[in-house]
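The structure under discussion appears below in the form of C-alpha cells.
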Amino acid sequence: MVIQASEIDIAPLIDHTLLSPTATPAQVEQWCSEADQYNFAAVCLHPVNVRQAVELLHGKQPKVCTVIGFPYGATTAAVKLYEAQDAVENGATELDVVINIGWLKAGELDAVHREMAEICDATGQTVKAILETALLTDAEKRLAAELCMSAGVAFLKTNTGLYTGATVADVRLLKEVTKDRVEIKASGGIRTAEQALELVMAGATRLGTSNGPKIIHQREHLTVGLE
C-alpha cells in the first residue's frame with residue numbers, strides 16, 4: 001500500500017528534543033507540556049533532566065527518552081552501561097545511544113556489537129543506536145546497521161545533530177538494509193514540515209527535532225505537493 005503525504009500524521013512520530021547544554025528546568029517543563037499538548041511520541045532530554053520529565057509526564061502519553069554517550073560515543077563501554085542503567089532507574093524508557101564510531105572505523109566490530117548488546121540486555125528498554133551517518137561511508141552505514149540490529153536495538157537513528165542533519169538518502173539506505181526489522185529515527189536539522197514529510201515517506205518512523213510545534217503548525221497550513 002502506498003501512503004500519501006496527505007495521510008501522514010507527523011505529531012505521533014516526533015521526539016521533542018531538548019539537548020542544548022544550556023537547557024534549564026523551565027525549558028524541560030515547557031518541552032514536556034508541548035509534548036503532551038501535541039501528542040508527540042516522546043521528549044528527548046539530557047540524562048540530568050530525566051527525573052523531572054518523568055514526574056511531569058506521569059500518566060501522560062509521551063515517553064521520556066534520553067541520550068547515552070552523547071554526543072561523541074567515545075566514553076568507555078562501562079560508563080555507557082552505567083549511564084544507561086542510571087537513566088532507566090530514573091524513569092527513562094527510551095535510550096538513544098551513540099555508537100563508538102572510532103571502533104567501527106577501525107574494524108573493531110565485536111566491540112561495537114558487544115557494547116550495544118550489553119546495554120540492550122541490561123536495560124530491557126527501547127534502545128536507538130545513533131550511527132552518526134554524517135561521518136560514515138555508505139558501506140560503514142550498512143555495517144553499523146547490521147551490527148546494531150544483531151545487538152538487539154529497536155531503532156537505528158541517523159545523527160546526533162552535531163554534524164550534517166538527517167537526509168532522505170540515508171533514511172532510504174537504512175530502510176533498504178533493515179527490511180523493516182527495526183524502526184528508523186531521522187534526526188538532525190529537521191526544521192520544516194516539508195522535510196519531516198520527505199523523511200517519513202523515505203522510511204523514517206520517528207523524527208528527532210526541537211522544532212516540533214513549529215512543524216505541526218506548518219503541517220496544518222501546508223499545501224501538500226509530495227503525493
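The values are calculated or read from the model by the stated rules, or taken from the named source; none is laboratory data. The model shown is predicted, which means the values in this text are computed figures rather than measured ones. Note that we place each Cβ from the backbone using ideal geometry, even for glycine, and neighbour counts take in every protein chain shown. Keep in mind that these areas ignore ligands, DNA and RNA; they rest on the heavy atoms of the full protein, side chains included. Shrake-Rupley method; radii C 1.70, N 1.55, O 1.52, S 1.80 Å.
Of 128, 141, all but one fail to be closer than 25 Å to residue 76 by Cβ and touching a Lys or Arg at 6+ places or on another chain (Cβ under 9 Å); the exception is 128.
Select from segment 10-28 the residues that are under 21 Å from residue 192 (Cβ atoms) and polar (S, T, N, Q) and write down the one among them that is surrounded by the most Cβ atoms within 10 Å (Cβ to Cβ). Step through it out loud before you land on a result.
Our first condition is that a residue be under 21 Å from residue 192 (Cβ atoms); within segment 10-28, this holds for 10-20.
From the residues that got through so far, the ones that are polar (S, T, N, Q) too are 17, 20.
Values: 17: 25, 20: 10.
Across segment 10-28, the extreme among qualifying residues is 17.
Determine whether residue 122 is in contact (Cβ under 8 Å) with a residue 40 or more places away in the chain and either β-branched (Val, Ile, Thr) or surrounded by fewer than 22 Cβ atoms within 10 Å (Cβ to Cβ) (or both).
Numbers: in contact (Cβ under 8 Å) with a residue 40 or more places away in the chain: yes; either β-branched (Val, Ile, Thr) or surrounded by fewer than 22 Cβ atoms within 10 Å (Cβ to Cβ) (or both): yes.
For residue 122, the condition - in contact (Cβ under 8 Å) with a residue 40 or more places away in the chain and either β-branched (Val, Ile, Thr) or surrounded by fewer than 22 Cβ atoms within 10 Å (Cβ to Cβ) (or both) - is met.
Which one is farthest from the chain's Cα centre (by Cα) among residues in segment 54-85 that are open to solvent by 60 Å² or more (accessible area, probe 1.4 Å) and among the charged types (D, E, K, R)? Across segment 54-85, the extreme among qualifying residues is 55.
Taking residues in segment 148-164 that are closer than 14 Å to residue 174 by Cα and in contact (Cβ under 8 Å) with a residue 12 or more places away in the chain, and partners anywhere that are open to solvent by 40 Å² or more (accessible area, probe 1.4 Å) and of a type in the set (Lys, Arg), the pairs with Cβ atoms closer than 8 Å and at least 6 places apart or on different chains are 149/181. Which one is most open to solvent (accessible area, probe 1.4 Å) among residues in segment 29-41 that are free of Cβ contacts under 8 Å to residues at least 60 places away in the same chain and touching a strand residue (DSSP E or B) at 6+ places or on another chain (Cβ under 8 Å)? Top of the filtered list is 31. The set of residues in segment 194-221 being hydrophobic (A, V, I, L, M, F, W, C), farther than 23 Å from residue 27 by Cβ and open to solvent by less than 40 Å² (accessible area, probe 1.4 Å) consists of 197, 199, 200, 202, 204.
Taking each residue of segment 181-202 that is at negative phi and at pLDDT 95 or above and looking for partners that are open to solvent by less than 10 Å² (accessible area, probe 1.4 Å) and of a type in the set (Phe, Trp, Tyr) with beta-carbon atoms closer than 9 Å, six or more apart or interchain, yields 182/155; 183/155; 184/155; 185/155. Quick check, is residue 127 hydrophobic (A, V, I, L, M, F, W, C) and farther than 25 Å from residue 21 by Cβ? Answer is no for this residue.
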